[in-house]
Ligand code: GDR
């Protein structure tokens with residue numbers, strides 16, 4: 001059985017990837033940090049096949065030990081401080097975990113290595129946030145970076161160090177430059193889930209207002225389930241390389257809000273939405289739209305869930321969850 005080691009296993013992508021790899025016959029190891037994290041208990045209950053290993057991206061010896069225990073064929077580094085807004089308040093922590101954490105993981109791989117015939121293959125979760133104040137539209141693998149947040153800066157470091165270690169030490173290391181990807185497992189702090197959850201609660205009469213920041217920024221939103229498949233595909237290539245993963249369509253936050261309300265039959269959405277400066281960011285990424293031609297031609301990857309289907313999936317999921325919690329029959 002092939003073996004995979006995943007950091008960030010309790011996050012949205014970690015969960016999707018764990019299930020995807022398990023279905024492919026992998027033994028799945030997930031790194032968990034902290035002492036008593038309720039998300040770990042919930043995850044292990046849902047996916048009992050996951051073997052958890054303690055460790056922290058801030059602690060190199062713990063990464064080395066985790067690789068010694070799991071002896072992976074593939075390592076997926078999805079762990080990060082991943083919320084862009086938070087990175088402005090905790091910039092140093094973000095640089096340490098989201099940026100230096102990548103370096104530590106690469107060093108751990110250099111130390112443990114895997115067998116000569118079967119070196120460890122490494123996937124790094126790079127991000128469209130690296131493009132930031134975009135230099136060209138759409139963005140592809142050759143588009144220069146101009147990050148707009150401590151998170152984006154840390155991801156640029158992570159991306160560059162992967163390229164550098166690949167070139168310096170001949171590691172099988174790939175970066176997926178993933179544009180926004182969402183779904184029912186998305187954390188409530190991110191705008192898609194915040195909106196779909198609020199819309200469900202408003203429809204059920206449990207909430208009366210949705211408070212947001214900037215409604216004008218545009219994102220290329222795909223479905224997380226499609227995107228974890230691309231991560232795995234990258235590691236099955238003969239040569240390591242970097243790939244943009246995106247849908248090639250962009251929508252504003254306003255489009256998202258409008259479509260989510262329409263899904264529950266509410267057309268007068270402006271009556272429910274208020275803007276608050278506290279949700280605006282010190283610097284914004286105004287427009288993202290990815291060109292995934294390389295992934296399509298070289299990996300044979302393409303997204304299966306489009307924007308309307310994604311919003312519908314998330315709203316319906318939140319309706320079910322919120323109705324069940326409140327004891328309301330749908
Ligand atoms: P993003 O995702 O920063 O693109 O990074 P997020 O959903 O947080 O923000 C998207 C856009 O929505 C605007 N916005 C709001 N955002 C949040 N979270 N809450 C609000 O109330 C709100 N109002 C407006 C934001 O200003 C922004 O323009 C995500 C993360 O998953 C990263 O980790 C990942 O690398 C990138 O996607 C690709």
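The values are calculated or read from the model by the stated rules, or taken from the named source; none is laboratory data. Quick caveat: nothing in here was measured; it's all calculated off a predicted structure. Cβ coordinates were reconstructed from backbone atoms using ideal geometry, including for glycine residues, and neighbour counts include every protein chain displayed.
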For this session: Scan (1) within 11 Å of the ligand (Cβ to nearest atom); (2) over 14 Å from the mean Cα position of the chain (by Cα); (3) over 16 Å from residue 310 (Cβ atoms) for the single condition residue 208 breaks and write down its number.
Result: (1)
Problem set entry | Any hit, segment 176-184, residues being assigned to a loop (DSSP other than H, G, I, E, B), on the phi > 0 side of the Ramachandran plot and within 14 Å of the ligand (Cβ to nearest atom) | yes
Exercise. Within segment 58-65, can one find any residue that is over 20 Å from residue 158 (Cα atoms) and in contact with a helix residue (DSSP H, G or I) (Cβ under 8 Å, 6 or more places away or on another chain)?
Worked result: no
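Just to check your reading of the model, which residue among 188, 245 is without any contact (Cβ under 8 Å) to a residue 12 or more places away in the chain and within 14 Å of the ligand (Cβ to nearest atom)?
Details: 245 fails: without any contact (Cβ under 8 Å) to a residue 12 or more places away in the chain.
After ruling out the rest, the residue left standing is 188.
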Seminar exercise, completed: Among the residues of segment 261-309, the number that are within 13 Å of the ligand (Cβ to nearest atom) and within 26 Å of residue 204 (Cα to Cα) is 5
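Condition check: more than 17 Å from residue 127 (Cβ to Cβ) and buried (at least 22 other Cβ atoms within 10 Å of the Cβ). Does residue 196 satisfy that? Let's see the steps before the verdict.
Values: more than 17 Å from residue 127 (Cβ to Cβ): yes; buried (at least 22 other Cβ atoms within 10 Å of the Cβ): yes.
In short, yes.
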For this session: Being in contact with a helix residue (DSSP H, G or I) (Cβ under 8 Å, 6 or more places away or on another chain) and free of Cβ contacts under 8 Å to residues at least 60 places away in the same chain is the filter; apply it to segment 309-330 and report the residue that is farthest from residue 144 (Cα to Cα).
Result: 329
Exercise. What's the number of the condition residue 281 fails, among (1) under 24 Å from the mean Cα position of the chain (by Cα); (2) assigned by TED's automatic domain parsing to the domain that holds residue 156; (3) in a loop (DSSP other than H, G, I, E, B)?
Worked result: (2)
Seminar exercise, completed: Inside segment 135-161, the number of residues satisfying the requirement of being within 14 Å of the ligand (Cβ to nearest atom) and in a loop (DSSP other than H, G, I, E, B) is 4
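If the requirement is being surrounded by fewer than 18 Cβ atoms within 10 Å (Cβ to Cβ), at pLDDT 95 or above and touching a helix residue (DSSP H, G or I) at 6+ places or on another chain (Cβ under 8 Å), which of these qualifies: 93, 86?
Values: 93 fails: touching a helix residue (DSSP H, G or I) at 6+ places or on another chain (Cβ under 8 Å).
Residue meeting the stated conditions: 86.
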Exercise. Within segment 261-275, is there a residue that is modelled with pLDDT of 95 or more, closer than 26 Å to residue 147 by Cα, in contact with a strand residue (DSSP E or B) (Cβ under 9 Å, 6 or more places away or on another chain) and surrounded by fewer than 20 Cβ atoms within 10 Å (Cβ to Cβ)?
Worked result: yes
For this session: Residue by residue through segment 292-308, note down the ones that are touching a helix residue (DSSP H, G or I) at 6+ places or on another chain (Cβ under 9 Å) and under 20 Å from residue 218 (Cα atoms).
Result: 292, 303, 305, 307, 308
For this session: Residue by residue through segment 266-278, note down the ones that are without any contact (Cβ under 8 Å) to a residue 24 or more places away in the chain and in a loop (DSSP other than H, G, I, E, B).
Result: 267, 268
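For residue 179, indicate whether it is surrounded by fewer than 20 Cβ atoms within 10 Å (Cβ to Cβ) and closer than 19 Å to residue 17 by Cβ. Before you say what the answer is, go through the steps one by one.
Working: surrounded by fewer than 20 Cβ atoms within 10 Å (Cβ to Cβ): no; closer than 19 Å to residue 17 by Cβ: yes.
When the stated conditions are applied, residue 179 does not pass them.
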For this session: Would you please name the residue that is surrounded by the fewest Cβ atoms within 10 Å (Cβ to Cβ), looking only at residues in segment 287-308 that are in a helix (DSSP H, G or I) and in contact (Cβ under 8 Å) with a residue 40 or more places away in the chain?
Result: 308
Exercise. Is one or more of the residues making up segment 186-193 touching a strand residue (DSSP E or B) at 6+ places or on another chain (Cβ under 6 Å) and either under 27 Å from residue 90 (Cα atoms) or not in a strand (DSSP E or B) (or both)?
Worked result: yes
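Go through segment 97-134 and give me each residue that's part of a helix (DSSP H, G or I) and more than 16 Å from the ligand (Cβ to nearest atom).
Looking only at segment 97-134, we keep the residues that are part of a helix (DSSP H, G or I), and these are 97-112, 128-130.
Correct list: 100, 103, 104, 105, 106, 107, 108, 109, 110, 111, 112.
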